[in-house]
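Beneath this line is the structure, given in structure tokens, with notes to follow.
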Amino acid sequence: MFKRLILLSTLLLFSLSTEVFGQIISRSLFHSGGIRKYDLHLPPSWQPGDALPLVLDLHYLGGDARDEDSLTNMNAIADSAGFILCHPWGQGTNWNAGFHSPYTVGAHDVDFIRTVIDTIANEYGLDRLHIYAVGMGQGGFMAQRLACELSDEIAAIASVSGSIADSTAFYCQPVRPVPVMIIHGRADTVIPYSGSPGLWPGIDTLVSFWLEKNGCPGATPTTTALPDLVNEGSSINSHRYACNTDSEVLLYEILNGGFAWPGAANGLPNTGIINQDINAGLEIWKFFSQWTLPALLDAPSPESAQAYQVNYGPNPLQNQLKLTFPKGKKPFNINIRNLHGHLFHSETVLSGKQSLEIDCSKWLSGMYILEFESEYGRVCKRLLKL
């Protein structure tokens, strides 16, 4: 059956008209009891069997995937750089970026985006070490949440005119340092640079937050005034915080800039100056292309390959988690923790054991980390408890 599905997928890919490449492909999937949508843009260079990078571009509050596509013009950069561009649709015009109380309620947008990534990988092929997320406005808040909860999938993120929800920051437990780029106008009246007490921190605090998470608190930035090429009333200071070889925080501080995507031909009404000294999408891709998702296991060992063959589900889960293992594996450990690091289950899987059932009926709703660990390394996966 599995081979038939692969064959069918391959035939569907080969049957795509060449007119699809460089245009929007509208897709949908069933998730959490409803239909969710996303748009794809394949570069003209794409061929079946390719494994290209992926950039997720998340729309602002009040807009949708098509509005974001028109605003950012990231498709032109995807065509020239050769990456797949995806514009997911929020529910309505909204993302669950962490403002709900309690934190675990609302649309399961993090898991929706994880499912989108997996679906694109299965249908079109992806370079799983080069997946990135960017967002404008509330989409930027959502990109920040992905950095916290999808750090085993997303290599780097960027936010434009966005910050991080206070609740997201409180629960944020990335499994690795995450490179972060922030572009924000000093005169932004929609998402003020100074923050909104009780909702989100100011941008300077956001920078400090990621320096702390990435293991380099107090890092000194290299500050550069970018060339003021266009006299539109704004300019840019770049602040680069080189944490270590694994991460970086880069802030583009736009002096007198509004709630806007720099370089855009048009913006939202009455939201301030649109800086024209840079093309934000191009600068973001330059930042993204430096970063690769670190391998969580040493690659060419046979045992490492076996670790990736563990099947588990359902995910999201409710009362029970079921796992099955390949034959011939060596013993390894399974740990399940919540985002605070509290251990909920720990067990050693011995050779010869091929299945395991874990009772999770009494666990609170929320995100958990499923960890496989042996002498060869570690693999982390996310679990969502409904």
Candidate set from the stretch 325-346 (those that are part of a strand (DSSP E or B) and surrounded by fewer than 14 Cβ atoms within 10 Å (Cβ to Cβ)); member that is nearest to the chain's Cα centre (by Cα):
Leu343
For Ile203, indicate whether it is within 28 Å of Asp64 (Cα to Cα), out of contact with any helix residue (DSSP H, G or I) (no Cβ under 7 Å at 6 or more places or on another chain), of a type in the set (Val, Ile, Thr) and surrounded by 22 or more Cβ atoms within 10 Å (Cβ to Cβ).
yes
Residues of the stretch 234-260 satisfying the condition of being among the small types (Gly, Ala, Ser) and surrounded by fewer than 15 Cβ atoms within 10 Å (Cβ to Cβ)
Ala242
Being over 28 Å from Glu232 (Cβ atoms), in contact (Cβ under 8 Å) with a residue 60 or more places away in the chain, of a type in the set (S, T, N, Q) and in contact with a Leu (Cβ under 7 Å, 6 or more places away or on another chain) narrows it down to one residue among Thr168, Thr115; which is it?
Thr115
Of the conditions (1) at pLDDT 75 or above; (2) not in a loop (DSSP other than H, G, I, E, B), the single one that Ala305 does not satisfy is (1)
Enumeration of residues in the stretch 49-69 that are touching a residue at least 60 places away in the same chain (Cβ under 8 Å), outside any loop (DSSP other than H, G, I, E, B) and within 21 Å of Ile191 (Cα to Cα):
Asp57, Leu58, Glu68
In the stretch 221-258, which residues are among the β-branched types (Val, Ile, Thr) and either touching a strand residue (DSSP E or B) at 6+ places or on another chain (Cβ under 8 Å) or modelled with pLDDT of 95 or more (or both)?
Thr222, Thr223, Thr224, Val230, Ile236, Val249, Ile254
Number of the exception - Ala121 against (1) in a helix (DSSP H, G or I); (2) touching a helix residue (DSSP H, G or I) at 6+ places or on another chain (Cβ under 8 Å)
(2)
Return the residue satisfying two criteria in turn: it lies in the stretch 25-63 and is under 17 Å from the mean Cα position of the chain (by Cα) and acidic (Asp, Glu), and of such residues it is nearest to Trp89 (Cα to Cα).
Asp39
Name the single residue, out of those in the stretch 7-44 being assigned to a loop (DSSP other than H, G, I, E, B) and modelled with pLDDT of 90 or more, that is surrounded by the fewest Cβ atoms within 10 Å (Cβ to Cβ).
Pro44
Going residue by residue through the stretch 115-135, is there one that turns out to be at pLDDT below 95, buried (at least 24 other Cβ atoms within 10 Å of the Cβ) and under 14 Å from Leu56 (Cα atoms)?
no
Members of the stretch 74-112 found to be part of a loop (DSSP other than H, G, I, E, B), surrounded by fewer than 23 Cβ atoms within 10 Å (Cβ to Cβ) and in contact with a Leu (Cβ under 9 Å, 6 or more places away or on another chain), listed by number:
Gly82, Thr93, Phe99, Thr104, His108
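The values are calculated or read from the model by the stated rules, or taken from the named source; none is laboratory data. Quick caveat: nothing in here was measured; it's all calculated off a predicted structure. Methodologically, a virtual Cβ is constructed for each residue, glycine included, from the backbone with ideal geometry; neighbour enumeration extends over all protein chains shown.
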